[in-house]
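S.K.: Quick one: the structure is below, questions incoming.
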Amino acid sequence: MYDSTWPLAPELVRADVSFLRVPLTKLCVDNFQESRERILMKNICCAGALVRSSQIDLRIVSDLLDETFQRNARLPRVNQLALRLGYEYTREHFDCPLPFRPRGDGRQCATRS
C-alpha cells in the first residue's frame, strides 16, 4: 500500500509486487484543515485501509482509538474520521478480501548489523 497522491517511482515497480494505491494525502487534505493534523492523520487513514483490506473488525480498531485518545475530546473524533476515510476508500475501490496474501516463512525479519 502506498500514498498514490504522489507518483510511484518507476524503479520501484516490479511484476512480483502488488500495489494498493490509496491517495492518503489527498484524503487528508480534503478532510482536515490543519497541516499538522493532515500529516498525523495519514497514518490513521492508512490504518483504516489496512483494516478493510485485511478484514480486521473495524469496531475493534475504532474502540482502541477511542480508548487511546479519550483524554482529549477532539482527538477521538478526528482519528475516527481518518480511520473511516481509509476504510471507506478501500471498500469502494478494492475487492476484499484481496486476491493475494503476503508470503514468507512466517518468521520475523532478522535485524541487519
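S.K.: From the square roots a ≥ b ≥ c of the eigenvalues of the alpha-carbon gyration tensor of segment 2-93, which class results: rounded (a/c under 1.5), prolate (a/b over b/c), or oblate? Could the numbers behind the result be given before it?
M.R.: Values: a/c = 2.63, a/b = 1.55, b/c = 1.70.
Because a/c hits 1.5 or more and a/b fails to exceed b/c, segment 2-93 counts as oblate.
S.K.: While we're here: Between LEU58 and MET1, with labels modelled 7 Å along Cα→Cβ, what's the label distance in nm to one decimal, could you check?
M.R.: So the label points at LEU58 and MET1 sit 1.3 nm apart.
S.K.: Right, here's the next one. Who wins for biggest fluctuation among ALA49, ALA82, ALA73 in a Gaussian network model of the chain, springs between alpha carbons below 10 Å?
M.R.: Comparing ALA49, ALA82, ALA73 in the GNM, the peak value goes to ALA73.
Each reported figure results from applying straightforward, stated rules to the coordinates on display, with no laboratory input. These figures come from a predicted structure and were not determined experimentally. Glycine gets a Cβ as well: all are built from the backbone with ideal geometry, and neighbour counts include every protein chain shown.
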